[in-house]
Amino acid sequence: MSINKNQLLWYSKDKEIISCDETNKVLNENYEELKTLLQNIFDDAVLIGCDEKDFKKKIRILIDDLNFSLGKK
């Protein structure tokens with residue numbers, strides 16, 4: 001597996017580096033999409049007058065509240 005300097009290393013539940021190139025590609029693409037989306041949302045919030053620290057606090061809360069949802073009713 002070759003790692004581009006712009007790619008992140010992803011770890012399994014067992015704290016092992018995920019070595020599947022396709023899995024890493026998907027995870028890195030999703031990460032970049034999320035990064036772009038969050039940056040755009042953050043810029044909008046600040047432009048319309050939102051406090052930067054308050055916005056970031058709410059995003060941290062949102063992330064902390066994430067739970068695995070597939071297969072759950």
Report summary line: So, first residue among the acidic types (D, E) in region 27-52, second residue assigned to a helix (DSSP H, G or I), Cβ within less than 7 Å, six or more apart or across chains; the pairs are E52/V46
Query - Hits in region 46-68 (condition: in contact with a helix residue (DSSP H, G or I) (Cβ under 9 Å, 6 or more places away or on another chain), under 21 Å from Y31 (Cβ atoms) and of a type in the set (A, V, I, L, M, F, W, C)) - result: F55, I59
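All of the numbers you see were taken from the coordinates with simple rules; none came from a lab. What you see is a predicted model, and the numbers here were worked out from it, not measured in a lab. Neighbour counts are summed over all protein chains in view; Cβ atoms, including those assigned to glycine, are modelled from backbone coordinates with ideal geometry.
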